[in-house]
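Take a look at the structure below.
No value in this document is a laboratory result; all are computed from the given coordinates. Predicted model only: the values in this text are computed from it and were never measured. With ideal geometry, Cβ positions are generated from the backbone for all residues, glycine too; neighbour counts draw on all protein chains shown.
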Amino acid sequence: MGGGVYVERNSAFNMYGGRITGCSATLGGGVFVEAWSEPGGSFNLYGGAITGNSAGYDPDQKAGLGGGVYVRSGARFCISGEPEVTGNTGRSAENSDDAVDSNVYVYAYERWRDPEGYAKDEGRSQITVSSVLSENAKIGVTYVFRKSFYNNESAFSLFGVFTSGWGEKSGGRQIFVNDLPGCVAALTGDHSEVQMIPEVESVDYISAYEGDTAVLDTVESYLVIDGKTDIWQNGWYVAQGGTERDPVLINSPVRVKGEVNLILLDGTHLLAHGGIRLEENAT
């Protein structure tokens, strides 16, 4: 692990410039940030490039992960200035030289410790934006979130918020690109952070029935709902990826302004803990 740099727990590695290139390891070809127990390691990338590194095939993970940087759950990866993490790869199969994009791998883990779901251990890793980023900054990302339940069952998701401090420090620049096909890095509903969402170019919905036949229509411009999307105003909103056990959750009250259309994609479960409140003349 950590072909170029291995950052141990309770340690920090600061990179201000230069390049990490030509390195390889099973996990974290360029840099591996350790953190199984707190406090985890910290990697502060103020500038420089991590490119041309590779992650070999890991039989436990069924892939090569984090060709550039692997951020273990509970570790810290902070960026500022002009960081570049691109052009790194991972092996897609054990007996194959086929390479896939694998730049920064963010592994987030959450374990629920009782059947009521009130107590939990968290080690969720995110990419922290610590100061304004330059126009040339660019980082490829794979995000994986694992939730482990008290009965040892686990649920995995490739979608969710993977940044911290984006809205305050980004300067409005979206520097992240998705490494995995079928995923897109996009701003959250309140533009405060960056999340990984499914790549959906358009959404079909039932607009009417003619007898027993459903009439389908298509919407191409919409906002994907996440936990911070608590103001719905004049447009189409889509909730996706939520299950009965792990719904799309909004803790604060949702305010509806103007004419709003909501689509629960493919039977998605949405839970608004604070309720949904229609303001005057809202529909």
Of 8-15, 224-231, 102-109, ordering from highest average Cβ density within 10 Å down gives 102-109, 224-231, 8-15
On a full-extension model of 0.36 nm per residue, what is the gain between Asp217 and Lys257, subtracting their alpha-carbon distance, rounded to one decimal in nm?
12.1 nm
Karplus-derived 3J(HN,Hα), 6.51/-1.76/1.60, for each residue of segment 251-260, Hz, glycine and proline x:
7, 8, x, 8, 9, 9, 10, x, 9, 10
Considering only His269, Gly241, Leu187, whose Cα is most displaced toward the positive end of the charge dipole of segment 172-283, charges sitting on Cβ of Lys, Arg (+1) and Asp, Glu (-1)?
Leu187
Can you run phi through the Karplus equation (6.51, -1.76, 1.60; θ = phi - 60°) for segment 264-277 and list ³J(HN,Hα) in whole Hz, with x for Gly and Pro?
9, 6, 6, x, 4, 9, 10, 10, 9, 4, x, x, 10, 10
Show log10 I(q)/I(0) for segment 204-278 at q = 0.13, 0.14, 0.20, 0.22 Å⁻¹, two decimals, from a solvent-free Debye sum over equal Cα scatterers.
-0.42, -0.48, -0.89, -1.02
